[in-house]
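In what follows, a structure is listed as structure tokens, so that the remarks can point back to it.
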Amino acid sequence: MISVLIVDDHEIVRAGIKMMIDEQPDMKVIGEAGDGQEAVQKAQDLMPDVVIMDLNLPKKSGIVAIREITEENDEIKIIALTMHDGREYIFGALQAGASSYLLKSHRVNDLLEAVRTVSKGEAYLYPNATKFLLEDYIWKSAGVRAHTLMNLSGREQEVLSYLAKGYTNREVAERLFVSIKTIESHRSKIMEKLNLKTRPALVEYAAKNGFLDFS
């Protein structure tokens, strides 16, 4: 029996997934969580085989929650189930430790197959996610690095890495033992030097340039 923890901030979504999972003879929902912080705690307490995780969560982002869960216990397999199909979300989730990335628009059978697949220690990706991974491999194999990278100081590169992985300004400040204002200043300079306007653009840049390595 595959034990499953469902994480989504919408109760109606959790209820629908739970009904679908509990109808399967080889799966059982053992818990639910409505935010990222609760997800990490319940994963530690319940030790599910598989976690189905939304990415847009209150209190703690899904990507940060994925990383914290897998760092604590890499035997727990995580399926990122989201409405976002952007490259930055896919890279963020997979490099945080997710074994699967699915969209909420996919078929019910896709999610069921993903649960069974990741519970065996294998990965399950939809075609677009696989395409992005192949493109990233080719990008890195060719040694392509944005020339603007050289304009970033060592500390700015460190801050970029944390921000791209989903940490808030406060969390980065706590990890680097500096003030939030200092992190905000670094972030502003990074965005200016790289000519980026949004956080998703920053994450995509970080993914292409090797800043999302969670090893």
- prompt: In this structure, does residue 51 turn out to be under 18 Å from residue 110 (Cβ atoms) and within 17 Å of the chain's Cα centre (by Cα)?
  reply: yes
field: Residue match in region 15-24 (condition: within 20 Å of the chain's Cα centre (by Cα), of a type in the set (A, V, I, L, M) and within 20 Å of residue 120 (Cα to Cα))
entry: no
query: Any residue in region 36-44 that is assigned by TED's automatic domain parsing to the domain that holds residue 98, part of a loop (DSSP other than H, G, I, E, B) and among the polar types (S, T, N, Q)?
result: no
- prompt: Of everything in region 15-59 that's among the small types (Gly, Ala, Ser) and surrounded by 14 or more Cβ atoms within 10 Å (Cβ to Cβ), which residue is nearest to residue 75 (Cα to Cα)?
  reply: 43
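Yes or no, residue by residue, for (1) under 19 Å from residue 94 (Cβ atoms); (2) at pLDDT 90 or above; (3) of a type in the set (Gly, Ala, Ser):
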site	(1), (2), (3)
155	no, no, no
179	no, yes, yes
185	no, yes, yes
191	no, no, no
197	no, no, no
206	yes, no, yes
- prompt: Restricting attention to region 156-184, which residues are surrounded by 13 or more Cβ atoms within 10 Å (Cβ to Cβ) and either basic (Lys, Arg) or in a loop (DSSP other than H, G, I, E, B) (or both)?
  reply: 165, 166, 167, 168, 175, 178
message: Going residue by residue through region 131-141, is there one that turns out to be in a loop (DSSP other than H, G, I, E, B) and either at pLDDT 50 or above or among the charged types (D, E, K, R) (or both)?
response: no
Hits in region 93-105 (condition: surrounded by 13 or more Cβ atoms within 10 Å (Cβ to Cβ) and not in a strand (DSSP E or B)): 93, 94, 95, 96, 97, 98, 99, 104
Hits in region 185-201 (condition: in a helix (DSSP H, G or I) and either in contact (Cβ under 8 Å) with a residue 40 or more places away in the chain or surrounded by 13 or more Cβ atoms within 10 Å (Cβ to Cβ) (or both)): 185, 186, 187, 189, 190, 191, 193, 194, 199, 200, 201
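The values are calculated or read from the model by the stated rules, or taken from the named source; none is laboratory data. Bear in mind that the values here come from a model prediction, so they are computed numbers and not experimental data. Glycine gets a Cβ as well: all are built from the backbone with ideal geometry, and neighbour counts include every protein chain shown.
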